[in-house]
Amino acid sequence: MQYVIGVDLGGTKTAAGVVGADGSVLFMDQTPTRNRDGGEAILDATAALVASLRGRAAAEGIEVSAIGMGSAGVIDAAAGTVISATDAILGWSGTDIRTGLGARTGLQVSVVNDVHAHALGEAWLGAAAGTDSSLMVAFGTGVGGSFVVNGHPLLGHRFVGGHVGHFASPYAYHDGTALDCSCGHVGHVEAIASGPAIHASYLRFGGSAEVPDTRAVFDLARTGDATALKAIGTGAGAAGQAVGGMVNILDPEVVVVSGGLADAGELWWGAMERALRQELLAPLADVPVLRATLGNTAAIAGAASLVLN
Ligand SMILES: [Zn+2]
């Protein structure tokens, strides 16, 4: 059986594993992403992680043949380069991953954006396994997504496809003023529906400044706190409305919802799914809305699938 290494490079950590052609993930390890040190240092650390996994595999008689990588940022999947990245990873923009990691490891390298890798993993082995098309949307620190058709994510002409957090939401207003979005524009879905946005809503709605983060807002909501419930309901409603609109446009076989908020329990999920279904055109009424199942291994497996077969 063929084995490759799947890498999931995020803003704070880089995780990787040895993945078999049957989808088995044999070894996993992670290292901090050297997000203040620039592209070459990040490639050095990634190559060291790959070497360590390769060594463990070799000890079991397993040879790896290539590297598939999902990376934060806008990724030119054809060239294997980083078109742009936020300041969360300084110096990552402009990095030639394919050449740099290829030279360090002697292996063929394929790269795609990490959210697309995540969706590919769920489409291959997770909640969307066996489907012809799936829309995955992740609600966490940010909001991102990917539309996968027959095993291929829709990357877009300029590789920007999948930025599903950045279109107008009627929820993303306060006192008639559109909320600032991380992308530099205003009034977008991410500005009201991300995890941090729920904490920000709680504070805007008059919640206590002593409540430090989104997790604490959820804890408070479970005690019946009206302001916390309103903040979560607003974020979940915005999330569901946004996904419902996308389902009307794309008509995926299934919808997969992922990210920290999807794992936060019925409080968020129930409000999200109600708002989602409210948007749907009649023939879409029975579209399955599924929670992602693979967790941390989704992007590793999805990235590996780029270079398997
Ligand atoms: Zn935006």
Working out 0.36 nm times the residue gap between Ala282 and Thr177, then minus their Cα-Cα distance, what length gain in nm do you get to one decimal?
34.5 nm
Estimated vicinal HN-Hα couplings, Hz - segment 80-95 in sequence order (Karplus 6.51, -1.76, 1.60; Gly, Pro = x):
x, 10, 8, 6, 7, 8, 6, 5, 4, 10, 5, x, 7, 4, x, 6
Mind checking which of Met28, Met69, Met272 has the largest fluctuation in a GNM of the chain, springs on alpha carbons under 10 Å?
Met28
Degrees between helix 114-124 axis and first principal axis of the chain (Cα, 0 to 90, nearest 10):
80
Please name which of Pro212, Val149, Val254 has its Cα lying farthest along the dipole of segment 132-292 towards the positive end, using unit charges on Cβ (Lys, Arg +1; Asp, Glu -1) and the Cα centre as origin.
Pro212
Could you tell me the distance between the Cα centroids of segment 87-104 and segment 144-163, to the nearest Å?
21
Can you pull the accessible area of Ser65 for me, 1.4 Å probe, Å² to the nearest 10?
60
Taking the Cβ of Gly195 as the centre, find all other residues whose Cβ is under 13 Å away and add up their charges (Lys, Arg: +1; Asp, Glu: -1).
-2
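Quick one: which of 78-84, 42-48 comes out on top by average Cβ neighbours within 10 Å, and what's the full order, highest first?
The peptides rank, most packed first, as 42-48, 78-84.
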Checked against the positive end of the charge dipole of segment 132-292 (+1 on Cβ of Lys and Arg, -1 on Cβ of Asp and Glu, about the Cα centre), the farthest of Cys183, Tyr171, Gln278 is Cys183
Sorting Tyr173, Tyr3 on solvent-accessible surface, 1.4 Å probe, most exposed first, gives Tyr173, Tyr3
Could you put Trp92, Trp269 in order of accessible surface area, largest first, with the 1.4 Å probe and the full protein assembly present?
Trp269, Trp92
List His163, His116, His174, His157, ordered by accessible area with a 1.4 Å probe, largest first:
His157, His163, His174, His116
Rounding to the nearest 20 debye, state how big the charge dipole of the chain is about its Cα centre with +1 on each Lys and Arg Cβ and -1 on each Asp and Glu Cβ.
200
At R0 = 30 Å, how high is the FRET efficiency between His157 and Asn296 if r is their beta carbon distance? Nearest 0.05 is fine.
0.45
Quick check: convex hull over the Cα atoms of the chain, volume per residue in Å³, rounded to an integer?
132
Hey, any idea what Rg/Rh is for segment 132-292, computing Rh the Kirkwood way over Cα pairs?
0.97
Taking K and R as +1 and D and E as -1, what net charge do the other residues with C-beta under 9 Å from the C-beta of Ala303 add up to?
-2
Tell me the mean residue ellipticity at 222 nm calculated for the chain from its helices only (DSSP H runs of n ≥ 4, each -39500 (n - 2.57), averaged over every residue, nearest 500).
-11000 deg cm²/dmol
The orientation-averaged projected area of the Cα convex hull of segment 54-154, in nm², is 7.9
Rounded to whole angstrom, the alpha-carbon centroid of segment 1-55 lies from that of segment 194-225 at a distance of 35
Between Glu266 and Ala59, the FRET efficiency computed from the C-beta separation at R0 = 51 Å comes out, to the nearest 0.05, as 0.70
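The values are calculated or read from the model by the stated rules, or taken from the named source; none is laboratory data. None of the values given here were measured: they were computed from a predicted structure. As a convention, Cβ positions derive from the backbone with ideal geometry for all residues, glycine included, and neighbour counts pool all protein chains shown. Keep in mind that these areas ignore ligands, DNA and RNA; they rest on the heavy atoms of the full protein, side chains included. Shrake-Rupley method; radii C 1.70, N 1.55, O 1.52, S 1.80 Å.
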